[in-house]
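What follows is a short report on a single structure.
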Amino acid sequence: MGKLLIVGTVAFDAIETPFGKTDKILGGAATFIGLAASQFNVDSAIVSVVGDDMPQEYLDILSRKGIDLSGLEIVKGGKTFYWKGKYHNDLNARDTLITELNTLADFNPVVPDNYKDSDVVMLGNLHPNIQISVINQMAKRPNLIVLDTMNFWMDNTLEELMDAIKMIDVLTINDEEARQLTNEYSLVKAAEEIQKMGPKYVVIKKGEHGALLFHEDNVFYAPALPLEAVFDPTGAGDTFAGGFSGYLAATGNTSFNSIKNAVIHGSNLASFCVERFGTERMQDLEKVEVSKRLHQFKALTQFEIELQ
Ligand code: AMP
């Protein structure tokens with residue numbers, strides 16, 4: 001079984017969408033990544049930190065999916081990372097209202113010994129120094145290192161983020177963040193610039209408009225499945241990252257073709273995440289539902305055309 005090491009926030013999220021709002025519920029990049037990756041035959045572990053205000057029942061949601069939490073530090077008397085966001089009527093746009101780093105502010109990640117030989121490392125969104133520290137603790141170079149980040153870290157820790165980006169194989173990022181990182185409006189040019197920074201592959205996520213994969217002169221596009229109702233987009237990007245990295249860890253194949261399939265699996269899983277608040281939809285997602293929607297995906301993008 002492939003091994004996947006996940007780093008990222010395990011958080012409290014408070015979310016407001018045009019359809020309703022929640023108080024502090026379970027969220028965080030590593031949470032969404034782990035839940036999505038658990039759809040595949042992988043042995044995964046999360047490295048993260050929480051305070052002892054994190055209810056055990058939330059952590060049990062992850063353990064029940066077989067995710068190893070021995071690298072999750074629980075700080076006595078500490079407070080868990082807290083994020084509050086509000087979506088516009090156009091759900092592609094959101095404002096961050098609160099980011100409280102709390103225990104994340106001085107977290108020293110420790111990779112469990114039995115995950116130091118992981119095949120794939122998925123560096124979810126969090127401080128780039130933590131992402132770098134995790135790479136440096138690996139006993140061997142993983143087959144693939146994937147990094148996801150967001151504007152918060154570009155605004156506050158750009159130099160450290162650039163150092164992390166040098167060390168990785170795949171960067172997943174959304175369209176606005178790709179523009180911010182490179183000062184290029186064209187996503188094609190932005191992807192070219194990012195490849196010069198280190199990663200061989202760049203995935204640009206465009207919310208309900210799908211995702212683009214760039215590698216040298218190749219471009220691949222995966223649409224997002226047109227859904228009747230999008231309820232809460234929180235975690236869609238992380239769910240994409242979890243599906244992407246989970247698939248690659250499970251297959252052990254990191255060819256361009258396999259990476260294309262990983263983009264499809266990531267998009268497929270993200271389409272479920274947005275159907276309910278927070279992690280709700282991902283908690284009891286069945287393999288048959290996933291497989292059925294994968295068929296819809298295939299039908300959506302397949303056509304026959306006669307070429308001269
Ligand atoms: P996404 O919608 O995929 O961008 O991810 C939303 C998740 O990211 C939420 O569950 C938040 O807890 C988490 N999050 C928000 N801001 C940050 C941040 N600055 N660093 C790490 N994780 C964050």
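The values are calculated or read from the model by the stated rules, or taken from the named source; none is laboratory data. Values in this document were obtained by computation on a predicted structure and should not be read as measured data. A quick note on method: Cβ atoms are made from the backbone with ideal geometry, for glycine too, and the neighbour counts reach across all protein chains shown. Heavy atoms of the whole protein, side chains included, go into the accessibility calculation; ligands, DNA and RNA do not. Shrake-Rupley method; radii C 1.70, N 1.55, O 1.52, S 1.80 Å.
Things to note:
- From the options I194, I132, I145, residue that is more than 24 Å from V42 (Cα to Cα) and either buried (at least 22 other Cβ atoms within 10 Å of the Cβ) or not aromatic (F, W, Y) (or both): I194
- Some residue of the stretch 285-297 being touching a Gly at 6+ places or on another chain (Cβ under 9 Å) and surrounded by fewer than 16 Cβ atoms within 10 Å (Cβ to Cβ): no
- Exactly one residue out of T99, T103 is within 13 Å of the ligand (Cβ to nearest atom) and part of a strand (DSSP E or B): that is T99.
- Of all residues in the stretch 200-232, those satisfying the criterion of being assigned to a loop (DSSP other than H, G, I, E, B), within 15 Å of the ligand (Cβ to nearest atom) and either out of contact with any Ser or Thr (no Cβ under 8 Å at 6 or more places or on another chain) or basic (K, R) (or both) are K206, V230.
- Residue-level check: of (1) within 14 Å of the ligand (Cβ to nearest atom); (2) outside any strand (DSSP E or B); (3) surrounded by fewer than 17 Cβ atoms within 10 Å (Cβ to Cβ); (4) at pLDDT 95 or above, T80 misses just (3).
- Scanning the stretch 233-260 for residues being open to solvent by less than 20 Å² (accessible area, probe 1.4 Å), away from the ligand (no atom under 16 Å from the Cβ) and within 22 Å of G28 (Cα to Cα) gives a total of 2.
- One residue stands out among those in the stretch 8-32 that are more than 9 Å from the ligand (Cβ to nearest atom) and not in a strand (DSSP E or B): the one that is nearest to I132 (Cα to Cα), which is K24.
- Failed item in (1) touching a Phe, Trp or Tyr at 6+ places or on another chain (Cβ under 6 Å); (2) farther than 30 Å from F40 by Cα; (3) of a type in the set (S, T, N, Q), with T80 passing the rest: (2)
- Residue that is most open to solvent (accessible area, probe 1.4 Å) [pool: residues in the stretch 112-129 that are over 17 Å from A241 (Cα atoms) and away from the ligand (no atom under 15 Å from the Cβ)]: D113
- Helices (runs of 4 or more DSSP H) wholly inside the stretch 256-308 containing at least 1 residues that are without any contact (Cβ under 8 Å) to a residue 12 or more places away in the chain and under 26 Å from N143 (Cβ atoms): 256-273, 287-301
- First in the stretch 210-231 and open to solvent by 50 Å² or more (accessible area, probe 1.4 Å), second anywhere and basic (K, R) and modelled with pLDDT of 90 or more, Cβ under 7 Å, 6 or more apart: F231/R276
- Within the stretch 83-96, tally of residues that are part of a strand (DSSP E or B), in contact with a Gly (Cβ under 8 Å, 6 or more places away or on another chain) and more than 10 Å from the ligand (Cβ to nearest atom): 1
- Residue pairs meeting the criteria (Cβ under 6 Å; at least 6 apart or on separate chains; first more than 23 Å from Q195 (Cβ to Cβ), in the stretch 125-153; second of a type outside the set (K, R) and in a loop (DSSP other than H, G, I, E, B)): L126/G8; L126/T9; I130/P109; S133/P109; Q137/V111; A139/D117; K140/D117
- Of the residues I74, I98, I61, the single one that is more than 13 Å from T9 (Cβ to Cβ), β-branched (V, I, T) and open to solvent by 60 Å² or more (accessible area, probe 1.4 Å) is I74.
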